Amino acid sequence: MIVLRKPITAAVRNMLLLAAGFVTMQAETSAPLPEAPQVRGRKHVVSLALRAIRDTKGTHAFEYQGQTIPPVIRVKPGDLLQITYSNDLPHKSDEECALGPCMNMSNLHFHGLQVSPKAPEDDAITMLAMPGDTLHYAVRIPKNHPPGLFWYHPHPHGESQRQVLDGMSGAIVVEGIDRYVPELRRLRERILVLRGPSIEHDPNAAALRQRVGASPTTCGAEPEVAERIFTINGAIRPQIDIAPGERQFWRMVNASPDRYLDVQLDGKPLEVVAMDGMPLALHDPRHPMQFASHVLLPPAGRLEAIVTGPPAGAKRTLRTLCVDTGTAGDPNPEMVLADLVPGRLRAVKDTPVPVAAKSHVRREIDLEAMKKSAPDFVVTFTEDKNGFYINGQKYAPDAKPLVHARVGSYQHWRIVNHSDELHPFHIHQVHFLAYAVDGVQQPKAEWLDTVNVPFRETVDVIMDFTNPVIKGMSLFHCHLLNHEDKGMMAKIVFE
């Protein structure tokens, strides 16, 4: 959710570092921000082949056209996305996954896309590839699909955290957001995939923490050493070139399996135009943009915002602030994500995307009345030494659905966190209006597909089940993927 609390100042930050006895080093000279290959459609069909492999470093990776750089997939409303996904991981693994020895099964989930949960589309339940198998996805992007940033990653129950932690993730762009903010047509676009690889057993871990300025966590219960550092497009603390006063369009996805981002650009507010692939103007045309000093992105959250280059000679960084994940949570310290460096102003061709069809007809409802009504369904997160639960149950592939939802309806859901750590709630294919935390209505309700649920608190949302395309069995879960792998997931039937 967008956070407007006062950010930690540089002076306070330095005092905390000094008090903790932690001294940061000047960052090494880093390379420019890498850019991933982009896949575009032809005659309304976007086709590509992906392979799941073990790379030369012994980690899981997506291979695309001979390189282990996951591509950005660009689609337009009405396109057919065809992916041939081959699982070429080893038949035997010596690694441990959440539920025991890894089996190296894999698949794909198209996070946030409002498409069918049935095979061969966004089916994360029955479409599974064991080593040597190949899956054929054919995902029809509805003609009325909202434009924005989405992403793809593996979703095999019990092994999703391992694969996403190693970097198996990529961005999906549904074109057409310029219809809501025409200025974007003239701005340089940056796609920033932020991942959180583990450095727990890296012999250079101390130097890596110093490079990004990752101090011991002081916003939680006790100082802890960071076990993850964030990368952008696979690079540690890259340089992002931007001319003084230049406006650029940044599209960010938190592709970490288990770490939060509280994104801040030093010295300038972020001009937010979309969250979780949902343009602000889609539901509030009078306010297509919102200023924020920093924005909290749970794992899987996305932010699309305009940023402005600093004055000549000014040093600016993109950073994540410290996030208190609770006494049972993992360390989530402040660190530098990237350095802004002076660049050359580039001309951008103004190429508007054809306007998508109008969205499907929604049943008119009184949202204010729904907010005051009793919840139609309550999701309760709990955990103990034996695992993680939703409504007292662990997920199993053969489990019955926990809830049924009638297509064409809205429902008031309450998500309850009975644990001592944060949990990000996500539901496949559906967006919802998050409007209250612990019973207090927020100043600005937001349409999201992943929402942070504070420890020992509640979040109330209005689920939008009105899309007729979304029918069949689907999933909702905690998007700390280790929690999902260990049981914090349940089935839902859209009928």
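Among the residues of the range 41-63, those identified as surrounded by 15 or more Cβ atoms within 10 Å (Cβ to Cβ) and touching a strand residue (DSSP E or B) at 6+ places or on another chain (Cβ under 6 Å) are Val46, Leu48, Leu50, Arg51, Ala52, Ile53, Ala61, Phe62, Glu63.
Applying the set (1) over 17 Å from Ala226 (Cβ atoms); (2) at pLDDT below 90; (3) in the same structural domain as Met252 (by TED's automatic domain parsing) to Pro331 leaves exactly one unmet item: (1).
Kindly establish whether Arg74 is touching a strand residue (DSSP E or B) at 6+ places or on another chain (Cβ under 8 Å), over 28 Å from Met463 (Cβ atoms), basic (Lys, Arg) and at pLDDT 95 or above. Here the answer is yes, as Arg74 does meet what is asked. Checking each residue in the range 296-343 for being of a type in the set (D, E, K, R) and within 20 Å of Leu184 (Cβ to Cβ) picks out Arg302, Glu304. Of all residues in the range 449-461, those satisfying the criterion of being assigned to a strand (DSSP E or B) and of a type outside the set (D, E, K, R) are Thr450, Val451, Asn452, Val453, Thr458, Val459, Val461. I need the full set of residues from the range 391-410 which are surrounded by 13 or more Cβ atoms within 10 Å (Cβ to Cβ) and free of Cβ contacts under 8 Å to residues at least 60 places away in the same chain, in order please. Those that are surrounded by 13 or more Cβ atoms within 10 Å (Cβ to Cβ) and free of Cβ contacts under 8 Å to residues at least 60 places away in the same chain: Ser409, Tyr410. Has the range 380-390 got any residue that is surrounded by 22 or more Cβ atoms within 10 Å (Cβ to Cβ) and under 30 Å from Gln290 (Cβ atoms)? Yes, the range 380-390 has at least one match. Looking at Leu113, Leu108, Leu81, Leu128, just one residue is among the aliphatic types (A, V, I, L, M) and more than 30 Å from Asn144 (Cβ to Cβ), and that residue is Leu128.
I'd like to check something: does the range 272-289 contain any residue that is touching a residue at least 60 places away in the same chain (Cβ under 8 Å) and among the basic types (Lys, Arg)? No, the range 272-289 has no match at all.
Taken together, Thr134, Thr84, Thr126 contain a single residue that is closer than 19 Å to Tyr395 by Cα, hydroxyl-bearing (Ser, Thr, Tyr), surrounded by fewer than 21 Cβ atoms within 10 Å (Cβ to Cβ) and over 17 Å from the mean Cα position of the chain (by Cα), which is Thr126. If the condition is being more than 22 Å from the chain's Cα centre (by Cα) and of a type in the set (D, E, K, R), then the range 111-123 contributes only Lys118.
The values are calculated or read from the model by the stated rules, or taken from the named source; none is laboratory data. The structure presented is a predicted model; accordingly, all values stated were derived computationally and were not measured. Because the Cβ atoms are built from the backbone with ideal geometry, glycine has one as well, and the counts that use them run over all protein chains shown.
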